[in-house]
Amino acid sequence: MTDLPAASIDSLVVPEIAKLRPPSSTHKPRILILYGSLREVSYSRLLAHEAARLLEHFGCEVRIFDPAGLPLPDAEPTTHPKVQELRRLSEWSEGQIWVSPERHGSMSGIMKAQIDWIPLAVGSVRPTQGKTLAVMQVSGGSQSFNAVSQLRILGRWMRMITIPNQSSVAKAFQEFDAEGRMKPSSYYDRVVDVCEELVKFTLLTRDCSSYLTDRYSERKEDADKLEKRVALKSI
């Protein structure tokens, strides 16, 4: 065996396949959908509801967060009712879909504000770590992937399991009918693909997400803190 620093040995854990195959939960997968626009006719909201219908068809329990009334990050305390609602939904979820319009070549500020209000950590709890994530965007013009690419970066930063597939709907104003339903098209087919894949990844990982995201560096840090506390008590 390769020699390792003595200080690191106690926190090293050999991965075990059995821990990746725990008993399966029987409740419906819990999916939260965020969208990034407050417009009266919002194509990101319409796409969010289209995804919700598909997810419900695939057997999920779905919640859609309405960003109306959510304050800008740090403009209000975290006790604000909309902030609390968003955080409760994020904790409740096992997977999420983020749907943003592309504005000025980027995700919308409303989309970013929602993610900024979700903390990376609250004490020892990480509200998004290990949850699955799918990303989608709508554009007013030609095909683009700027927003979904940025959402992927945020998903990684929030320690989420971002699925490989994604959806980008170009010229979204042409893709929905008068009732707000998405028309049959290759764009719609991709949305179905994304929702189907999200459900599969959620079912695959939700029962072992804490094991998948258990990190050596954090175990070592916790062990060091414990050692220091024990040393202080003995003084």
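Tabulated values for the structure
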item	result
Calculated FRET value between ARG156 and GLU91, using beta carbons and R₀ = 22 Å, to 0.05	0.65
Ranked list, fewest to most other Cβ atoms within 10 Å of each Cβ, for GLU94, GLU76	GLU76, GLU94
Under-5 Å amide H pairs with VAL138, H placed in peptide plane, nonlocal only	SER100, GLU102, VAL169
Separation of the GLN84 and ASP193 label points, Cα + 7 Å toward Cβ, nm	4.3 nm
Stretch gain in nm, segment GLN174-ILE235, where the contour uses 0.36 nm per residue and the Cα spacing is subtracted	14.7 nm
Rounded to 5, percent antiparallel among DSSP beta bridges of the chain	15 percent
Kyte-Doolittle mean at least -0.5, axial Cα span of 20 Å or more - DSSP H helices of the chain	43-57, 186-205
Backbone HN-Hα couplings from phi across region 18-32 [Karplus 6.51/-1.76/1.60, Hz, Gly and Pro as x]	4, 6, 8, 10, x, x, 7, 5, 10, 6, 5, x, 9, 10, 9
The chain, relative contact order in percent, only Cα pairs under 8 angstrom and at least six apart counted	22 percent
Calculated Cα extents along the principal axes in Å (choose from (i) 76, 35, 31; (ii) 72, 42, 33; (iii) 54, 42, 31), label	(ii)
Helix-only CD estimate at 222 nm, as mean residue ellipticity for the chain, using -39500 (n - 2.57) per DSSP H run (n ≥ 4)	-12500 deg cm²/dmol
Karplus-derived 3J(HN,Hα), 6.51/-1.76/1.60, for each residue of region 65-71, Hz, glycine and proline x	7, 8, x, 4, x, 6, x
SER11 versus LEU212: modelled label distance in nm, points set 7 Å from Cα along the beta carbon direction	2.3 nm
Per-residue Cβ neighbour rank within 10 angstrom, fewest leading, LYS28, LYS131, LYS183	LYS183, LYS28, LYS131
Max mean-square fluctuation residue, GNM over the chain, Cα-Cα springs under 10 Å, options THR205, THR132, THR78	THR78
Using a Förster distance of 45 Å, the FRET efficiency for GLU40-LEU226 (Cβ separation, nearest 0.05)	0.25
For region 176-235 and region 46-113, distance of Cα centres in Å	16 Å
Fewest-first sequence of HIS57, HIS27, HIS80 by Cβ atoms within 10 Å of each Cβ	HIS27, HIS57, HIS80
Approximate spin-label separation LEU204-GLU61, in nm, with each point projected 7 Å along Cα-to-Cβ	2.4 nm
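Values quoted throughout were computed directly from the atomic coordinates according to the rules given, and no laboratory measurement underlies them. Here the structure is a predicted model, which means the values were calculated and not measured. We place every Cβ from the backbone using ideal geometry, glycine too, and count neighbours over all the protein chains shown.
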